[in-house]
1. Find the Rg to Rh ratio for the chain, where Rh is the Kirkwood radius over alpha-carbon pairs and Rg uses the same atoms.
2. For the Cα atoms of the chain, what angle does the longest principal axis make with the long axis of helix 192-204, in degrees from 0 to 90, nearest 10?
3. Can you tell me the orientation of helix 261-272 relative to the chain, as the angle in degrees between its alpha-carbon axis and the longest Cα principal axis, to the nearest 10?
4. Report the full-extension gain for the segment ALA187 to THR214: residue separation times 0.36 nm, less the Cα-Cα distance, to one decimal in nm.
5. With the Cα gyration tensor of the stretch 1-83 in hand, convert its eigenvalues to equivalent ellipsoid semi-axes via √(5λ) and list them largest first in whole Å.
6. For a protection proxy built on the mean count of beta-carbon atoms within 10 angstrom, sort 4-10, 67-73 highest first, please.
7. What's the extension gain from ARG53 to THR260 if we count 0.36 nm per residue and subtract their Cα-Cα distance?
8. Keeping the other protein chains in place, figure out the carbon and sulfur percent of the accessible area of the chain, with a 1.4 Å probe.
Amino acid sequence: MNRPELADFLRRGRARLGPSDVGLAPGARRRTPGLRREEVASLAGMSVDYYTRLEQGRGPRPSRQMLTALARALRLSEDERDHLFHLVGEEPPRRDTPSAHVRPGLLLVLDRLYDSPAQVVTDCGEVLAQNALAKALVGDASARPPRERNLTRRFFLDPTARALFPPEDWPAHARDHVANLRAVAAARPDDPQPAALATELRSASEEFARLWDTHEVSLRRLSGKRFLHPVVGLLELDCEVLLCHGSHHHLVLHTARPGTDAHEKLQLLRVVGLQDMAPHTAG
């Protein structure tokens, strides 16, 4: 691990970004260019103290998961991400397999969608990035352990995950999750991730196993979706799933038509933000 080079690379990466580059409000005038350390730490889901020690060349070796989060927070390209891994003495992720690295351009689009909840999700259901309104609507995925960031796993194994939706919608969501995973597993037979997830859930959830045996197949498509929020109540939103060329990532966008009750509630949610959202753990 080359601590001096790592520290310099992190400082320069932070200095070249402004708040608007990562979807943050400009705030008060800044004495120095770039993001603040606490802002990078928050974007990466780590403590400010830990990130500060990395920039000062005295931090412990980051895990691969933490390196991926840092690359995303600093909007690194794939080449820059690989350099970050090399500085820590880690082999970069292979580029010919599904990756947790989200391209900077896609993150820029995500940040610009300030008035609609949006998140980047893999075809297997892993939440990789969210904008502020998505966090306010469904909870901050980065605040959960890595295994709990998969939407399909949480829907079947975490009872709190279903609280986000009206109970009468649960059967449809369950079928959609299973049908999507079966389609992905069939499309990528050499990728162990979707097959391992299916094996895990068949063993742990009778509901999943029953639905898996029906052999329904369907990829995520345009649809409407209803959410139950603890503050603003029921929201009926349109759901658009955009495929990202050259990767297994989807940009999932929820919108409300202007003038509707749901549109007004989304505006309220923008104001409320993440305040008093502690009990809201579904995703």
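1. A ratio of 0.97.
2. 50
3. 30
4. Extra length from ALA187 to THR214 when fully extended: 7.9 nm.
5. Over the Cα atoms of the stretch 1-83, the ellipsoid semi-axes are 20, 14, 12 Å.
6. 67-73, 4-10
7. 69.7 nm
8. Roughly 53 percent of what the probe reaches on the chain is carbon or sulfur.
The values are calculated or read from the model by the stated rules, or taken from the named source; none is laboratory data. Worth saying up front: this structure is predicted, and the values here are computed from it rather than measured. In this analysis, Cβ positions are derived from the backbone assuming ideal geometry, glycine residues included, and neighbour counts consider all displayed protein chains. Each accessible area value is taken on the protein alone, full model and side chains, heavy atoms only, with ligands, DNA and RNA left out. Shrake-Rupley method; radii C 1.70, N 1.55, O 1.52, S 1.80 Å.
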